Amino acid sequence: MITDNKYIPDLNTILELGEGQFSEFKESLDGSISKEMVAFANASGGVVYLGVSDLGKIHGVEITNKLKSKIQDIAYNCDPSLIVTLNEIENVLAVEIMEGVNKPYSCSSGFYMRMGPNSQKMKRDEILTLAIKTGKIRFDEQICPHFDWKDFDDEKFEYYLKLAKISYNLSRDEILTNLRVLTPEGLTNAGVLYFAKKPYQYVISSRIRCVHFKDDGRLDILDKKVIDRGIVGNIEFAVEYLQERVPVRYEIKDLPRDEFPEYPIEAYREAIVNAVIHFDYFLGDMIAVEKHKSHIIINNKGELNFPENEFGTRSEPRNRIMADLLLRTIYMERAGTGIKRIKDACIENENNLTFSFSDVFRTTIESNTTGAKATPKATPKATPKATPKTTRERLLEILAENPKITREEMAKKLDISVNGVKQHILSLKKDGKLKRTGGRKMGHWELVIKPE
């Protein structure tokens, strides 16, 4: 964060990261800058970069004392007044707005809140709610005071940069600072949840529980896993856990065959991502992903941040830094569209879907093979989407083709980390599907069960 000129980020890195929860691009000074200022002040702070287009192209501005004075006047005329810091980065003027301590803030056109890459106008109830909750500290933005840097997982960090398509051309600390997970006071809880080797050592609510029940009565457990692999690792494991347990029905009318999953991967993946981003990590519990005989349940403790009747039409992530980090990867698309994608996927796949709210937010997806089915869209697609192969299935195919392949080569082919490959190999060996013959250098892999 730019504070008193202590650290000015590399402009190319800013452009590569693009607009998000903490950054806004403007080609020149216009009347809408006051909207962006109060939106950042009402959220977690941010920076407006003058001289940069929406597409991240540098056009530059003429930085004069008159321009700086105008910006200071605009900040002063907000209600309450804002304090901004101005920094020159080449021919771009960076206008930093700190998170306000006297929320809510407004400008001449109203009250605004920063949500992802957009500044949205707030409604009356939202303004009142913000005023009531002003004193509440967001968990993911708090500093983890006892974090030991020997527990930082460089492999997780590099894997995240690859997912986010961020080049490693700055120091680790500079990138972490640009991502808003590192401050002069230390690493935030968001940084710990994403990049610690064992997040549970620092955040007791970091884990995710995956359970496979034999029936719908929650009596007989077929399998249970409690995972602590960081935000991205937890999401990947939970999605694959369900994917491996979701039956697929085949119809062979012509080549290629059509595949009809019992549950749509798009729906339960979005539900898991939604749970991770909106989970209340203050509570000390964990997210639960459950596969029952006739339905899937994803439980996430944390009440809605807005009235229930607005659910599905807006989104306000409880953990803004975590959401901003995930928004840069393949696991999260545009902010506020996850619920719609869950609904659309269930309709297309003919699954009934219910959401329930209390102190626990619960998503329930019913099997499309039992009971009433969801009403399909008026014009369903002729050929449903094929269910992608799991990482384990792909790994087995790779090993069948080349039993002497190295873990590093497997990681490259699968586009995952070497540590991820190790976890999958351990799982396959534990399930009796894979064994190693010979040493690390001269040995080879043997499949106990050949892949289909």
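The values are calculated or read from the model by the stated rules, or taken from the named source; none is laboratory data. Predicted model only: the values in this text are computed from it and were never measured. Backbone-built Cβ (ideal geometry, glycine too); neighbour counts: all protein chains shown. Note: accessible area is taken over every heavy atom of the protein model, side chains too, but ligands, DNA and RNA are not part of it. Shrake-Rupley method; radii C 1.70, N 1.55, O 1.52, S 1.80 Å.
Brief remarks on what is shown
- Top-ranked residue of region 88-123 - restricted to ones that are open to solvent by 20 Å² or more (accessible area, probe 1.4 Å) and of a type in the set (Asp, Glu), ranked as farthest from Glu36 (Cα to Cα): Glu90
- Residues that are of a type in the set (Gly, Ala, Ser), more than 23 Å from Leu17 (Cβ to Cβ) and in contact with a strand residue (DSSP E or B) (Cβ under 9 Å, 6 or more places away or on another chain) within region 52-107 comprise Ala75, Ser106, listed in sequence order.
- Some residue of region 35-48 being touching a residue at least 12 places away in the same chain (Cβ under 8 Å), within 27 Å of Met322 (Cα to Cα), assigned to a helix (DSSP H, G or I) and touching a helix residue (DSSP H, G or I) at 6+ places or on another chain (Cβ under 8 Å): yes
- Selection count where residues are under 25 Å from Gln243 (Cβ atoms) and either at pLDDT 95 or above or open to solvent by 10 Å² or more (accessible area, probe 1.4 Å) (or both), scope region 163-205: 7
- Residue in region 70-88 that is over 24 Å from the mean Cα position of the chain (by Cα), of a type in the set (Ser, Thr, Tyr) and assigned to a helix (DSSP H, G or I) present: yes
- Residue count for region 329-345, restricted to those that are buried (at least 16 other Cβ atoms within 10 Å of the Cβ) and either among the charged types (D, E, K, R) or not in a loop (DSSP other than H, G, I, E, B) (or both): 7.
- Condition met for Val211 (open to solvent by less than 20 Å² (accessible area, probe 1.4 Å), touching a Cys at 6+ places or on another chain (Cβ under 7 Å) and at pLDDT 95 or above): no
- Meets criteria (surrounded by fewer than 19 Cβ atoms within 10 Å (Cβ to Cβ) and either closer than 23 Å to Thr188 by Cβ or of a type in the set (Val, Ile, Thr) (or both)) for Pro80: no
- Scan region 258-289 for residues that are surrounded by fewer than 20 Cβ atoms within 10 Å (Cβ to Cβ), of a type in the set (Asp, Glu) and not in a loop (DSSP other than H, G, I, E, B) and the total you get is 3.
- Each residue in region 89-109 was checked for being among the aliphatic types (A, V, I, L, M), in a strand (DSSP E or B) and within 30 Å of Lys123 (Cβ to Cβ), and 2 pass.
- Odd one out for Phe22 among (1) touching a strand residue (DSSP E or B) at 6+ places or on another chain (Cβ under 9 Å); (2) open to solvent by less than 10 Å² (accessible area, probe 1.4 Å): (2)
- Flag for Asp125 being more than 18 Å from Phe40 (Cα to Cα) and touching a strand residue (DSSP E or B) at 6+ places or on another chain (Cβ under 9 Å): no
- Checklist (1) open to solvent by less than 10 Å² (accessible area, probe 1.4 Å); (2) of a type in the set (A, V, I, L, M, F, W, C); (3) closer than 24 Å to Asp140 by Cα applied to Leu50, failing item: (3)
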